[in-house]
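Colleague: Sharing a structure here in structure tokens format.
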């Protein structure tokens, strides 16, 4: 089924087209949800909420970009709204611990597995994890993140910096990252 036929079918609420859309995009979107969630169950809840929005709002897709891009943005916004709804974004962070973290220049071993990084990112407090995902992975600016999360732009910058330092500490503790290595840039936002 072509994307155009799939889109038209979903706009007409055709269950076969909806099932095809879900099967085509849900694995990738579950991975996105998993980066924001604390558990697999939370990720699955976010995915379910996301696809409910997608199916109910598909007539709003204006075909100005790709369907996958629109689905991705819808899922990301659903994840953020899920965190806000359950007040998970506002969990406190041990700022004393975060303040004591020191960051070497940004580096990452060349062959580090993406799964290991995601598991380490998931250990970050939800606010740090969310800002890190939005800025470094999704490519949002700190201004856009501030608007999405109802926080100041400077708070987004601060949480991103602390998230990088805390993530580096986790990677070092798990012996994934070594303190004395050739320094390479990592967690550079998309497009830079």
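Each reported figure results from applying straightforward, stated rules to the coordinates on display, with no laboratory input. Since this is a predicted model, take the numbers as computed values, not measurements. Neighbour counts run over all protein chains shown; Cβ positions are idealised from the backbone, glycine included.
Colleague: Let me test this: with uniform point scatterers at the alpha carbons of region 3-85, what is the Debye-based log₁₀ I(q)/I(0) at q = 0.15, 0.18, 0.22, 0.23 1/Å?
Modeller: Scattering profile of region 3-85, log10 relative to I(0): -0.49, -0.70, -0.99, -1.07.
Colleague: Mind sorting 55, 25 by how few other Cβ atoms lie within 10 Å of their own Cβ, fewest first?
Modeller: So the ranking, lowest neighbour count to highest, is 55, 25.
Colleague: Just report the Cα centroid separation between region 136-159 and region 67-88, whole Å.
Modeller: That distance is 15 Å.
Colleague: Suppose R0 equals 30 Å; then what is the FRET efficiency for residue 161 and residue 59 from their Cβ-Cβ distance, rounded to the nearest 0.05? Don't skip to the answer; put the middle values down first.
Modeller: Details: r = 41 Å, r/R0 = 1.36.
Efficiency, rounded to the nearest 0.05: 0.15.
Colleague: Please sort 123-131, 1-9, 153-161 by packing, taking for each peptide the average over its residues of neighbouring beta carbons within 10 angstrom, highest first. Working shown, then result.
Modeller: Details: 123-131: 22.0, 1-9: 14.0, 153-161: 17.4.
Descending mean neighbour count gives 123-131, 153-161, 1-9.
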